[in-house]
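A quick write-up on the structure given underneath.
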Amino acid sequence: MEALYTIALIVVIIIFLSGIRILRPTHRGLVERLGKYHRFAHPGFNWIIPIIDHVYQVNITEQMVDAEPQEIITNDNLNAVVDAQVYFKVKDDEESVKNSQYKVNSVNFQMVNLARTTLRNIIGTMTLKSANSERGRINEDLHKILIQETTNWGIDIVRAELKQIDPPKDVQETMNKIVKAENEKLAAVDFATAAETAADGKKRAAIKEAEGIRQARILAAEGEAGAIQLVNDAANKFFVGNAQLLKRLETLQVSLQNNTKIVVPANAELVNVIGELAGGVLPIRKEK
């Protein structure tokens with residue numbers, strides 16, 4: 001009897017241990033008993049009846065599927081290679097987890113095909129140029145349609161992103177040439193603008209320099225005019241009726257300014273010599 005009890009205890013322990021299921025926080029479980037849904041399994045410790053019960057674990061974290069590159073004929077009859085990525089996650093409530101397993105055969109597989117079909121419908125009505133320039137609108141339309149079509153899948157479409165949209169090779173080469181030509185045109189315009197600015201600066205500098213020279217000449221002329229006026233005033237005041245004496249004084253001044261050599265006789269006074277050059281004789285004061 002003791003041996004039977006021991007065997008029975010071992011069997012119970014084995015059955016208990018084999019029925020333990022541990023779920024991570026990133027998963028939820030669906031417990032099926034004999035092929036029929038039985039209950040919902042939460043993260044942590046769960047026990048099921050071995051062989052009779054079975055747990056299907058469902059990942060509820062955000063997942064990404066690639067729609068895979070495909071050729072799409074645009075509205076202007078060009079074959080564009082298009083690829084997109086869809087991010088989604090299964091909602092963590094019991095009903096949503098059940099729907100993700102019982103109302104759709106394979107979420108990932110059907111999400112890929114749905115995204116590919118939706119992209120063909122959207123981009124097929126657009127030209128290649130508009131498709132390239134309106135990627136944001138394509139992402140929004142794709143996201144909106146995917147949400148509408150997966151309402152009963154128990155999932156949440158986080159976002160949809162257009163990964164690439166490449167034109168045919170010959171079209172791409174032509175577009176590259178156009179972009180290159182446009183860049184060269186802008187560079188030429190910038191260079192011409194810089195050269196024009198430099199020339200304008202030199203012009204303004206030359207004008208200012210010429211203006212400075214003109215002002216200097218005007219000031220010099222005004223100075224000379226003022227000096228002449230002073231001479232005329234002095235002549236009118238001190239040499240009225242004696243123009244010959246004034247002329248001699250002017251001649252003496254010019255001679256002295258031009259460093260003209262004057263020979264002074266040995267027995268002559270310097271003052272008398274200057275006076276004679278000026279046309280007059282100054283009285284000599286004799287020392288006592």
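Lysine pair count for region 13-148 with Cα-Cα distance under 25 Å and sequence separation of 8 or more or different chains is 12. Multiplying the residue separation of Ala188 and Ser18 by 0.36 nm and removing their Cα-Cα distance gives an extension gain of 53.3 nm.
As a proxy for reagent exposure, Met126, Met111, Met1 were ordered by neighbouring Cβ count within 10 angstrom, fewest first; the result is Met1, Met126, Met111. Fewest neighbouring Cβ atoms within 10 Å first, the residues Arg135, Arg159 line up as Arg135, Arg159. What separates the Cα centres of region 62-140 and region 3-30 is a distance of 43 Å.
Charged neighbours of Glu32, selected by a Cβ distance under 12 Å, balance to +3 (K, R count +1; D, E count -1). Descending by average beta-carbon neighbour count within 10 Å, the peptides 58-70, 201-213 line up as 58-70, 201-213, the highest first.
Summing Lys and Arg as +1 and Asp and Glu as -1 over all other residues whose Cβ lies under 13 Å from the Cβ of Glu94 gives a net charge of +1.
Quick note: the coordinates plus some simple rules give every number you see, no bench work behind them. Being a predicted model, the structure only gives us computed values, none of them experimental. Cβ coordinates were reconstructed from backbone atoms using ideal geometry, including for glycine residues, and neighbour counts include every protein chain displayed.
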